[in-house]
Amino acid sequence: MPTETAPSSPQRRGFRSIPLGCSAGVAIFAALIVFVVMRAEAHFRRVSEWSQAYDHTKRVLDDQVEAWNRGDLDGFMAGYWNDDGLFYISGGKSVRGWKALKERYEKAYQGEGKEMGKLKFNELEIQPLGPDAALCRGKWEVVMTKETVGGWFTLVFRKFPEG
């Protein structure tokens, strides 16, 4: 008949208890609580900052759609970085600078015989990269009288001191 053995005690597995005085145990427990609270506060602050990055990015996109749909190209362009360092790629062609991008939109959507149509964004994915930056991917679509155009886009959003 097999004999049963008691599970090994913690001392047998290499664990040892450390006798602490009551005040030392309370101090360690208090330090642990402070550490946990500080980590939780830092985490929630980071989550809040990232949530703000998401909200700001979504607001810029929503404002762009509204501006476009009322025929306000300047309002639409307000969502882009107004700088010569802006780099934009679409349809196998690149454009450098805010002014050049605005001219591209004017030619494509406000030139003779052109119309701006109605813009909408679909399948948006906004991924905050920190409190002041986000990556956004999605689909754009412009519905016009005679045709509908669209495609995929990727944008990097950055918050600047001026907005």
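Odds and ends about this structure:
- Taken over the stretch 74-114, the residue count meeting the criterion of being closer than 19 Å to Gly151 by Cα and among the aliphatic types (A, V, I, L, M) is 5.
- Output for the stretch 138-161, where each listed residue is modelled with pLDDT under 95, under 19 Å from the mean Cα position of the chain (by Cα) and charged (D, E, K, R): Arg158, Lys159
- The strands (runs of 3 or more DSSP E) found wholly in the stretch 44-163 and carrying at least 2 residues that are surrounded by 15 or more Cβ atoms within 10 Å (Cβ to Cβ) occupy 118-130, 133-143, 148-158.
- Only one entry of Gly21, Gly14, Gly92, Gly75 meets the criterion of being at pLDDT below 95, more than 21 Å from the chain's Cα centre (by Cα) and closer than 20 Å to Gly138 by Cβ, and that entry is Gly92.
- Residues of the stretch 107-148 that are of a type in the set (Val, Ile, Thr) and touching a helix residue (DSSP H, G or I) at 6+ places or on another chain (Cβ under 9 Å): Ile126, Val142.
- Figure legend. Inter-residue proximity from the stretch 99-122: first residues over 15 Å from Ala78 (Cα atoms), second residues aromatic (Phe, Trp, Tyr), beta-carbon distance below 6 Å, spacing 6+ or different chains. Indicated pairs: Met116/Tyr109; Leu119/Trp68; Phe121/Trp140.
The values are calculated or read from the model by the stated rules, or taken from the named source; none is laboratory data. This is a predicted model, so every value here is computed, not measured. Glycine gets a Cβ as well: all are built from the backbone with ideal geometry, and neighbour counts include every protein chain shown.
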